[in-house]
1. Where the centre of each part is set by its Cα atoms, how far does the stretch 450-464 sit from the stretch 266-292, in angstrom?
2. Calculate the tail of P(r) for the stretch 17-106: the fraction of all Cα-Cα distances greater than 15 Å, expressed in %.
3. Rounded, prolate or oblate: which fits the stretch 80-128 when a ≥ b ≥ c are the square roots of the eigenvalues of the alpha-carbon gyration tensor, with rounded for a/c under 1.5 and prolate only if a/b beats b/c?
4. How big is the gap, in Å, between the Cα center of the stretch 108-134 and the Cα center of the stretch 204-218?
5. Mean 1/r over all different Cα pairs, inverted: what Kirkwood radius does the stretch 342-487 give, in Å?
6. On a 0 to 90 degree scale, rounded to 10, what angle separates helix 383-404 from the longest Cα axis of the chain?
7. For a quick size check, give me the Cα extents of the stretch 74-174 along its three principal axes, largest first, whole Å.
8. If you average the alpha carbon positions of the stretch 142-203 and of the stretch 357-412, how far apart do those two centres end up, in angstrom?
Ligand code: MSP
């Protein structure tokens, strides 16, 4: 089995204030990267910044700074965000780096060599905020007389000499590819959307701009810069040192296991990107997964709409892990999700402080008093213990399968259920009444400790920092976490010390 796993986030347009949507896609990608790592995979996890194009050039101009200096500063805010979110990314790419520019120009020359590029003239609508071309039928005049797409992006008319990519030529090959690789576009609803777009007829795509200069130059015609999406998408292979196909990075990690993206950029990833790759004779990624949007009210949370819950403020108030846990639990992955501070607080209190934190505190305090803070020696489990413990071994393959389908919700619901059962078990077994039956007492404590251990291992990809703290109970470290071992019921060795730990999650005082 291939034990390499390559996951990417979209590379972000550098903006001064990263918002919750950025945080969400990165946290979700980090969840998968961490899960695969504890499941024994060699993981490459890429994120970065998308720094060319008219949008960035205009943003730099409005501040009166050179675009490169503008990007240097703002890209750093995204690097900082990766640290703040505790992302375990193994690379951070910037499209203004040389390694990237070289790959983009090479890819261009391949497309040209294969007769997939021609020079002509573009006239049509362009949205600078999306960096995308729109057909007449995709735009309309709004109440304020502005011309915009259905999602509200303003468009402007452009007419200029441009190189085109023969996208129309790839229409049938794309449809055939979707048909033969049913998981390539996920979830299913997104796939249908893409198929109907492609079936409606693909037009050749303008892939260079002449009216501005902030981009990678077209080889042999420096009056043109390469269209920012062709430039940006290529990051997924420039980070692997393509075209050096003998490089270990490329050999091990291409094709990518999954490009995780938001649904708004599906067309670029599921239509243009595979067509570019086909034209350049490069293997296609295994999957493009389009997650939903974080909403505030009914609207996409975005800077232009001014409805932002700032991830940095939230982290400062509540801590990072509560935010990571909340986003993963609250949003049904693949669909849009509404978030609120109020529900975040409820989630911290009920799931993290009460269910998980309290279980850890209660069981360790009880073990301290009743078995000298040592993992007890067990003789035999009974049905009540096993029915709970064995749920992990019984479901281990299913959990892996669900993760490979990006079913994060299955995963977190499994944990929530296990937490509920572990708390109920401890209450129902009433170990405080078993002091005259030391064997049973020892088994109840052992079973409860094993439940904490298994749940903690599973929670690690969601709340890494807190679970590493919790592992101190058993003197375990991050590198000891092995997903496979959730199937074992005797992982903890009797006689080992059980350490007391500080409270993991503080309850939030609510005024209602
Ligand atoms: N630069 C392009 C991506 C190029 S990838 C080759 C881009 N950048 S972005 O900064 O605008 O968006 C990055 C990601 O954040 C996208 O996947 C987008 O869907 C996601 N989100 C932005 N706002 C969002 C929400 N409100 N909710 C969830 N994710 C959304 O697009």
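Derivation of every value follows stated rules applied to the coordinates shown; laboratory data play no part. Computed from a predicted structure; not experimentally measured. Glycine gets a Cβ as well: all are built from the backbone with ideal geometry, and neighbour counts include every protein chain shown.
1. Distance between centres, Cα-based: 34 Å.
2. Values: 2596 of 4005 pairs.
The proportion of pairs with Cα distances above 15 Å equals 65 percent.
3. Numbers: a/c = 3.92, a/b = 1.81, b/c = 2.17.
The shape class here is oblate.
4. 7 Å
5. 15.9 Å
6. The answer is roughly 10 degrees.
7. Computed over the Cα atoms, the extents are 44, 43, 27 Å.
8. 47 Å
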